[in-house]
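Notes for the one structure printed next.
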Amino acid sequence: MASAQRAERTGLTRDDLADAALRLLERDGPKGLSMRKVAAEVGVQAASLYWHVQNKEELLDLASDALWADIDIRTLTATPPAHWRDGVAEMARRLRTHLLARPNAVRVLAGRFSPGPRALAGMEALIDILRRAGFGGTDAVNAAYLVSTWVQGFVVHESVPMSAAEEPGATPGEALAEARRRLAALPAERYPNVRELAEEIAGPSMDSRFEFGLARLLDGLEPLR
């Protein structure tokens, strides 16, 4: 009771702290997150945070739930797609778009499981699409986990600098062009396949890579229905 009364006096909620932690992660990266900085972000003393969370790890759990906020799944839940593949694919695309807008936070929070209300909303929607399509409960949960973690891993991969060439200011396209030149110049006797397929290795966009992987993932799930 005393803890709740103290929390009420500060005017803060756990959602306030979650959103502040997420902003700091996105703005300053993992080194920018501390109890002191979150407190400053919401305009209180650091000691006040301990009325809401025990430590930084619990704060990261809150931020993990906040990461899932505002993903547009309303249209999918209001009118379920006619085919399960369309629904799952669209959720995967929306999740990727959402996470790509928060790359610094994703690198810290990807894979962290914090079943708060915002994360659970997306989980419920994805499992519902799968169960309506005929997947059993266990298979639906495993499939939802697979899709979610695959998208998160893909976003982590595409949100880090592609190579040292990007650090001085080169664009991803320029970095890819440099990679193609280097691959095409490799000795054919040692790297015949890599040299021959240099355009394919360093050519496709991340969008096409994503769609290829997503299609193969859905192909693999189909027999479970």
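With (1) surrounded by 15 or more Cβ atoms within 10 Å (Cβ to Cβ); (2) closer than 30 Å to residue 59 by Cα; (3) without any contact (Cβ under 8 Å) to a residue 12 or more places away in the chain as the list, and residue 172 as the residue in question, which single condition is left unmet?
Exception for residue 172: condition (2).
Filter the stretch 181-216 down to the residues that are modelled with pLDDT of 90 or more and part of a loop (DSSP other than H, G, I, E, B), then identify the one that is nearest to residue 155 (Cα to Cα).
The qualifying residue nearest to residue 155 (Cα to Cα) is 197.
Kindly evaluate residue 140 against the criterion of being crowded, with 19+ Cβ neighbours inside 10 Å, without any contact (Cβ under 8 Å) to a residue 40 or more places away in the chain and not assigned by TED's automatic domain parsing to the domain that holds residue 27.
Numbers: crowded, with 19+ Cβ neighbours inside 10 Å: yes; without any contact (Cβ under 8 Å) to a residue 40 or more places away in the chain: yes; not assigned by TED's automatic domain parsing to the domain that holds residue 27: yes.
For residue 140, the condition - crowded, with 19+ Cβ neighbours inside 10 Å, without any contact (Cβ under 8 Å) to a residue 40 or more places away in the chain and not assigned by TED's automatic domain parsing to the domain that holds residue 27 - is met.
Given the condition buried (at least 17 other Cβ atoms within 10 Å of the Cβ), modelled with pLDDT under 85 and over 29 Å from residue 98 (Cα atoms), answer yes or no: does some residue in the stretch 26-48 qualify?
yes
For the stretch 40-57, indicate whether the set of residues that are under 20 Å from residue 140 (Cα atoms) and assigned to a loop (DSSP other than H, G, I, E, B) is non-empty. Reasoning before the result, please.
So in the stretch 40-57, the residues under 20 Å from residue 140 (Cα atoms) come out as none.
No, there is no match, as no residue in the stretch 40-57 is under 20 Å from residue 140 (Cα atoms) and assigned to a loop (DSSP other than H, G, I, E, B).
Quick check on residue 72: is it closer than 30 Å to residue 225 by Cα, of a type in the set (Asp, Glu), modelled with pLDDT under 85 and surrounded by fewer than 16 Cβ atoms within 10 Å (Cβ to Cβ)? Please lay out each step first, then the result.
Working: closer than 30 Å to residue 225 by Cα: yes; of a type in the set (Asp, Glu): yes; modelled with pLDDT under 85: yes; surrounded by fewer than 16 Cβ atoms within 10 Å (Cβ to Cβ): yes.
Judged against the criteria, residue 72 is a match.
How about the stretch 26-39: which of its residues are closer than 30 Å to residue 93 by Cβ and assigned to a helix (DSSP H, G or I)?
First, the residues of the stretch 26-39 that are closer than 30 Å to residue 93 by Cβ: 26-30, 32-33.
Residues satisfying the conditions are 26, 27, 28, 30, 32.
Select the helices (runs of 4 or more DSSP H) contained entirely in the stretch 100-162, then report the ones holding at least 2 residues which are farther than 24 Å from residue 59 by Cβ. I'd like the intermediate steps shown before the answer.
Working: elements: 103-109, 117-132, 137-159.
Of the helices (runs of 4 or more DSSP H) lying wholly inside the stretch 100-162, those with at least 2 residues that are farther than 24 Å from residue 59 by Cβ span 117-132, 137-159.
Does the stretch 136-175 hold any residues that are hydrophobic (A, V, I, L, M, F, W, C) and either within 22 Å of residue 112 (Cα to Cα) or modelled with pLDDT of 95 or more (or both), and which are they?
Within the stretch 136-175, the subset hydrophobic (A, V, I, L, M, F, W, C) is 140-141, 143-144, 146-147, 150-151, 154-156, 160, 162, 164-165, 170, 175.
Across the stretch 136-175, the qualifying residues are 140, 141, 143, 144, 146, 147, 150, 151, 154, 155, 156, 160.
The values are calculated or read from the model by the stated rules, or taken from the named source; none is laboratory data. Keep in mind that this is a model prediction, so the values were computed, not measured. We place every Cβ from the backbone using ideal geometry, glycine too, and count neighbours over all the protein chains shown.
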